[in-house]
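J.: Let me begin by handing over the structure; questions about it come next.
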Amino acid sequence: MSTFGAGLFLGLAPAASVAGWWLLAGMGVAAALAFLFALSTPEHVSGPVAPALGVLGRLCAAVATAGTFGAYVLADRPQVAAVGLVVVVTAVVLLAPPLPPFVARVAAGLVLAVLVVVAVACFTIAPEPLAVAPPPDSPGTAAPLGLLPAAVLLYVCFAGAPTERRERVGVLGIVLVVCLAVAVGALRQLGGQRLALSRVPLLDALGAADATSLSLLLALGVTVGCAFALRGILGDVRDLAPVGRRPAVTVGLAAVLTVLGAVLVEPTHALVGAGVLLLVEAGFRMLAGRRRRA
């Protein structure tokens, strides 16, 4: 699975809700965990626990990804847009030939470039001061104890890494720098309290920075990021399915469950589930690898 950047479109708001400005430290912890697991986690382990956790975590990530697309692209009918994305991406996974590897790299580069533009826009104008100061205990207040929950929420931003270990350090480093820049810019424009209440944090940050002219560019980045993330998730679910199950059936079932989740589950709740399950899966795989080497 490769969800580089895509998790940032949604994850900043709930992370700000629990940690405020401490979400920046949580983002660093999430990247460190992703780096650790990328270097020490084997691709294949024996037993059903890790694959089952992986499938469940990826289904949660698929629901969160589809919901993110709906919230940004069709705010009035987000569930309709989410279902449409799942249908289109599923058709591509089942019917289209495999994409050359460079296409995914170009898509990831485009998403990161859009995020860089958003970050720059957030620093080009001073934030407007709040007319009324929010209560000191409101969501979004700086809370050191929220660092770890924020790391769980933001882990999906860094899930997925190149196969070659030599590439992993560089890719994770670039993604971390870009995500930190966007997070600082959004916090600068909105503050922790306003960011915590936002359903589309990057779009609201552009509005606060008087850069709504970039909303179409942001929508393009969201579309590309969510589409390729969902494509990777469905491919991973197909690969993690039990031996003997038809790949098309597995992908179709995953798509149906994603559609149901997109209709019934809040994207932020799905993001929490994805972060927890994917972290536990990675922990199981890392322990299995150590036992194998012992």
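J.: Please report, in whole Å, how far the alpha carbons of the chain spread along each principal axis, starting with the longest.
T.: 62, 43, 34
J.: Here is a further query. The range 44-128: D in µm²/s via Stokes-Einstein (Kirkwood Rh, Cα pairs, 4 °C, 1.567 mPa s)? Intermediate values should be presented prior to the final figure.
T.: Numbers: Rh = 16.1 Å.
Rounded to a whole number, D works out at 81 µm²/s.
J.: Mind checking the dipole of the chain: about its Cα centre, +1 per Lys or Arg Cβ, -1 per Asp or Glu Cβ, Debye to the nearest 20? Please report the intermediate quantities before stating the final value.
T.: On the way: 18 positive and 12 negative charges, 204 e Å.
For this selection, approximately 980 debye.
J.: Wrap a convex hull around the Cα atoms of the range 191-288, take a quarter of its surface area, and give that in square nanometres. Write out the running numbers ahead of the final one.
T.: Working: hull surface 35.0 nm².
About 8.7 nm², averaged over all directions.
J.: Kyte-Doolittle mean at least -0.5 and Cα extent at least 15 Å along the axis: which DSSP H helices of the chain qualify? If you can, show how the numbers build up before the last one.
T.: Working: long enough: 8-19 (17 Å, 1.90); 23-40 (25 Å, 2.22); 49-73 (36 Å, 1.43); 78-95 (25 Å, 2.46); 101-122 (32 Å, 2.48); 165-196 (39 Å, 0.98); 215-240 (37 Å, 1.36); 247-264 (26 Å, 2.20); 267-293 (39 Å, 0.39).
Helix filter hits for the chain: 8-19, 23-40, 49-73, 78-95, 101-122, 165-196, 215-240, 247-264, 267-293.
The numbers here are math on the coordinates, done by the rules we state, and not lab data. All of these numbers come straight from a predicted model, not from anything done at the bench. Positions of Cβ are generated from backbone atoms using ideal geometry, with glycine treated the same way; all protein chains shown enter the neighbour counts.
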